[in-house]
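Reviewing the structure listed below.
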Amino acid sequence: MKYRKDIDGLRALAVLPVLIFHAQLGFFEGGFLGVDVFFVISGFLITSILVEEISQKTFTFANFYERRVRRLLPALIFMTAVTSVLAYQFMITVDLQGYGNSLVAMSLFSSNIFFWMDSGYFDRVADLKPMLHTWSLAVEEQYYFFFPLVLLVVLRRFPKLLTLTVLIILVFSLSLATWGATNAPDANFYLLPTRAWELMFGSLASILIFNNAQLLEKLRAGNVLKNTALVVLIICLFAFDESLPHPSLLTLIPVLATLILIVIPAQQSFAHQILTLRPMVFIGLISYSLYLWHQPLLVFQRYISAKPNPVISVTLLVIACLLAYLSWRYVEKPFRHRNVTSRNQVYTFCGVSFAAIIGFGLYAGQEGIPSRYNAEQQVLMSYLQYSAPVGQPDNQAHCFLGEDEDYQSLSASCYQDKSVLLWGDSHANALATGLRVLQGNALGEITSSACLPLTDTHFPHRKHCQSTNAFVLEQLRQGQYNTVILHGNWYSHEDKISSLKNTLSALASLNIEVIVIGGVPHYLPDLPSFLLTKRLPLNAQSAQSRVEPTLFHEIAAIDQHLAAVSGQFDNVTFMSALAAFCESPQQCTVVLPSYTSPQQWVPTAWDYGHLTLEGAMYLSKSLPANALDIER
């Protein structure tokens with residue numbers, strides 16, 4: 001197959017938006033479409049090679065897979081080796097465990113299946129998965145297993161049915177993706193059956209060129225078509241975002257644009273001139289290694305700082321370009337040429353390397369190699385599985401409603417014969433552990449997953465919030481309470497805070513003291529990981545370390561809004577949880593003496609913001625002195 005510079009330029013146009021999107025630089029919101037462009041390019045190149053070799057009767061599976069091994073695996077092994085050293089150094093046990101399992105999946109060409117099965121509500125954030133990007137390699141590798149056989153059978157026995165065969169696979173896969181975009185979005189994103197249509201568009205491009213090369217060369221509208229396709233593709237890279245179903249019928253737009261850019265030669269077009277610029281061609285040449293290296297670098301940046309600095313992100317992308325060049329020059333190129341490395345050398349190197357990768361993956365995937373940490377650090381790690389705070393009274397479980405439960409699931413002991421009522425979401429439920437230790441049986445609680453304490457407010461993902469909050473208001477109107485405390489993760493539902501004034505107005509006529517507590521500090525991905533990454537010791541000196549919560553300024557701004565609304569009512573007191581924990585943006589209380597073992601220090605939150613028992617007691621003691629009758 002003849003080399004085309006514009007294909008490398010198209011690779012550059014695919015990889016650069018992916019890098020910028022993953023670096024979270026604020027533009028190219030549709031940068032993830034670069035992967036779709038890569039799929040079309042791969043389908044085109046592989047089909048072109050296969051059709052040419054099968055037609056000339058020179059095709060063998062041995063040669064085909066040898067070329068794929070030489071092209072893909074050495075650079076992947078090199079990146080994986082370096083990434084594994086960094087993972088061992090920086091990753092906490094739960095993340096190293098996931099990383100180890102991802103290595104095994106990668107080695108078995110099933111990363112896409114692994115990350116599909118690993119995705120979900122309780123999954124660790126994608127930003128902390130160094131090998132996440134290998135899902136797309138797995139899709140291509142699986143395509144390499146089945147498509148050459150399909151093509152071989154069709155071309156040798158039914159050559160006239162080649163185009164029809166590709167179209168049948170394309171239409172079936174696209175139909176499945178259209179259904180999956182709504183009904184199974186995670187599987188739809190990761191799996192080959194719903195991605196094959198993009199590869200088939202590449203195959204279709206190859207067939208069109210193979211059968212109509214001269215006609216396409218003479219196409220009068222070629223320049224206009226190619227220029228328009230480039231503009232459309234660039235617009236998609238800016239206009240698409242993660243809220244759109246993907247892949248879906250909408251994805252046809254950038255995929256068709258890519259098809260046109262490949263099929264139409266139009267060497268005099270503006271688009272062709274752009275794609276064949278030397279910098280574009282160079283980036284295209286190193287695009288595979290660049291794609292491999294960018295994700296681990298960005299992930300480990302987030303391990304060091306949960307709030308990535310754009311300057312650092314750009315610097316890391318520059319470093320990724322340097323590593324990609326070195327990988328292309330000294331790894332990819334030597335392994336591609338048989339006069340430099342023989343087939344036996346390549347297979348021996350890859351076989352031994354993957355055996356080592358699988359071995360390390362199995363070892364790390366068991367428990368995350370906890371022996372790397374001392375006893376103090378292992379205390380922190382134990383909080384990563386923290387789900388029920390120590391010292392929690394038995395009846396508290398009945399006072400917190402899961403996402404599918406309504407107020408009828410509440411135990412009457414949660415709200416009857418109480419003088420104080422705590423009302424809110426899971427953050428309020430976490431606070432209840434500390435309040436209950438100090439307040440005892442006087443404290444009532446009605447808390448519900450992801451339901452802020454706001455009346456007449458619809459929460460789309462929690463169908464029972466409205467009825468539960470209406471039930472709370474009904475209980476308050478019965479007159480048994482002296483005080484009601486409103487608390488929750490206001491940051492997660494900032495758009496709902498405008499309803500607070502209506503809620504406080506409804507409470508104003510009830511002769512009840514109201515305390516509105518702002519959001520607690522947030523640490524991403526979670527405070528135990530944050531402390532482990534910072535290598536902070538658990539002692540009095542670290543109690544107020546120079547640690548800035550990830551969303552300090554955002555939560556502080558919400559506090560100002562909450563305080564302003566609360567200040568309009570005489571019976572309402574606003575309290576900033578952020579101010580209770582943080583003297584300044586860089587000085588926050590992050591560890592406290594254990595309630596059960598005061599000589600041991602524990603984190604104030606067990607995840608990104610849900611308070612531990614100690615954190616909840618600390619915040620409870622900061623409540624207004626005249627609001628609650630509690631020990632100080």
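The values are calculated or read from the model by the stated rules, or taken from the named source; none is laboratory data. Quick caveat, the model's predicted, so the values are computed rather than measured. Cβ placement follows ideal geometry from the backbone for every residue including glycine, while neighbour counts extend to all protein chains displayed.
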- residue 490 being among the hydrophobic types (A, V, I, L, M, F, W, C), under 27 Å from the mean Cα position of the chain (by Cα) and assigned by TED's automatic domain parsing to the domain that holds residue 560: yes
- Query: Could you list, in sequence order, the residues of the stretch 498-557 that are surrounded by fewer than 17 Cβ atoms within 10 Å (Cβ to Cβ) and β-branched (Val, Ile, Thr)?
  - Reply: none
- Being within 26 Å of residue 576 (Cβ to Cβ), among the acidic types (Asp, Glu) and part of a helix (DSSP H, G or I) is the filter here, so list the residues in the stretch 455-496 that pass it. 494, 495
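Restricting to the stretch 435-454, name every residue that is part of a loop (DSSP other than H, G, I, E, B) and either of a type in the set (A, V, I, L, M, F, W, C) or at pLDDT below 90 (or both). Spell out the reasoning first.
Step one: filter the stretch 435-454 for residues part of a loop (DSSP other than H, G, I, E, B), giving 449-454.
The answer is 450, 451, 452, 454.
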- Query: Does the stretch 46-92 hold any residues that are surrounded by 21 or more Cβ atoms within 10 Å (Cβ to Cβ), β-branched (Val, Ile, Thr) and either over 24 Å from residue 531 (Cβ atoms) or in contact with a Phe, Trp or Tyr (Cβ under 8 Å, 6 or more places away or on another chain) (or both), and which are they?
  - Reply: 46, 47, 51, 80
- Item | One residue from 247, 310, 296 being in contact (Cβ under 8 Å) with a residue 40 or more places away in the chain and within 18 Å of residue 324 (Cβ to Cβ) | 296
- Message: With touching a Phe, Trp or Tyr at 6+ places or on another chain (Cβ under 8 Å), over 30 Å from residue 95 (Cβ atoms) and of a type in the set (Gly, Ala, Ser) as the only criterion, which of 470, 557, 508 stands out?
- Response: 508
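Hand me the list of helices (runs of 4 or more DSSP H) wholly inside the stretch 252-310 holding 1 or more residues that are in contact with a His (Cβ under 7 Å, 6 or more places away or on another chain). I'd like the intermediate steps shown before the answer.
Working: elements: 252-263, 270-275, 278-285, 287-304.
Here the list reads 287-304.
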- Message: Just checking, does the stretch 348-357 include any residue being touching a residue at least 60 places away in the same chain (Cβ under 8 Å) and touching a strand residue (DSSP E or B) at 6+ places or on another chain (Cβ under 9 Å)?
- Response: no
- Which is at pLDDT 95 or above, surrounded by fewer than 21 Cβ atoms within 10 Å (Cβ to Cβ) and under 30 Å from the mean Cα position of the chain (by Cα), of 196, 187? 187
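Select from the stretch 590-614 the residues that are among the hydroxyl-bearing types (Ser, Thr, Tyr) and either more than 13 Å from residue 536 (Cβ to Cβ) or not assigned by TED's automatic domain parsing to the domain that holds residue 519 (or both) and list them in ascending order.
Taking the stretch 590-614 first, the residues among the hydroxyl-bearing types (Ser, Thr, Tyr) are 594-597, 604, 608, 612.
Hits for the stretch 590-614 are 594, 595, 596, 597, 608, 612.
Here are some residues: 458, 522, 464. Which one is modelled with pLDDT of 90 or more and more than 22 Å from residue 571 (Cβ to Cβ)? If you could, list the steps in order and put the result at the bottom.
Values: 458 fails: modelled with pLDDT of 90 or more; 464 fails: modelled with pLDDT of 90 or more.
Every option except 522 fails the conditions.
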- Message: Filter the stretch 577-588 down to the residues that are buried (at least 16 other Cβ atoms within 10 Å of the Cβ) and either touching a His at 6+ places or on another chain (Cβ under 9 Å) or outside any helix (DSSP H, G or I) (or both) and list them by number.
- Response: 577, 582, 588
- When (1) assigned to a helix (DSSP H, G or I); (2) at pLDDT 90 or above; (3) among the aliphatic types (A, V, I, L, M); (4) within 30 Å of residue 507 (Cα to Cα) are applied to residue 397, the one that fails is (2)
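Could you check how many residues of the stretch 358-371 are among the small types (Gly, Ala, Ser) and touching a residue at least 60 places away in the same chain (Cβ under 8 Å)?
Taking the stretch 358-371 and keeping what is among the small types (Gly, Ala, Ser), we get 359, 361, 364-365, 368, 371.
From the residues that got through so far, the ones that are touching a residue at least 60 places away in the same chain (Cβ under 8 Å) too are 361, 364-365, 368.
The number of residues fulfilling the criteria is 4.
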- Query: So which residues in the stretch 457-472 are over 15 Å from residue 493 (Cβ atoms) and either in contact with a His (Cβ under 8 Å, 6 or more places away or on another chain) or of a type in the set (Phe, Trp, Tyr) (or both)?
  - Reply: 471
- Message: On the basis of being touching a Cys at 6+ places or on another chain (Cβ under 6 Å) and either surrounded by fewer than 18 Cβ atoms within 10 Å (Cβ to Cβ) or part of a loop (DSSP other than H, G, I, E, B) (or both), does residue 26 make the cut?
- Response: no
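With the requirement that a residue be in contact (Cβ under 8 Å) with a residue 60 or more places away in the chain and over 14 Å from residue 550 (Cα atoms), what does the stretch 582-596 give you? Break it down into steps so the answer makes sense when it comes.
Filtering the stretch 582-596 down to residues in contact (Cβ under 8 Å) with a residue 60 or more places away in the chain leaves 582, 588, 590-591, 595-596.
591, 595, 596 - these are the residues of the stretch 582-596 that are in contact (Cβ under 8 Å) with a residue 60 or more places away in the chain and over 14 Å from residue 550 (Cα atoms).
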- Task: Tell me, please, whether a residue that is over 25 Å from residue 194 (Cα atoms) and either more than 29 Å from the chain's Cα centre (by Cα) or hydroxyl-bearing (Ser, Thr, Tyr) (or both) can be found in the stretch 46-53.
- Result: yes
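Give the stretch 417-434 a look and list any residue that's of a type in the set (D, E, K, R) and either outside any loop (DSSP other than H, G, I, E, B) or on the phi > 0 side of the Ramachandran plot (or both), or say none. If you could, list the steps in order and put the result at the bottom.
The initial filter retains those residues of the stretch 417-434 that are of a type in the set (D, E, K, R), namely 417-418, 425.
Selection gives 417 alone.
Among the candidates 115, 146, which residue alone is aromatic (Phe, Trp, Tyr) and surrounded by fewer than 17 Cβ atoms within 10 Å (Cβ to Cβ)? Write out each step before concluding.
Numbers: 115 fails: surrounded by fewer than 17 Cβ atoms within 10 Å (Cβ to Cβ).
The conditions single out 146.
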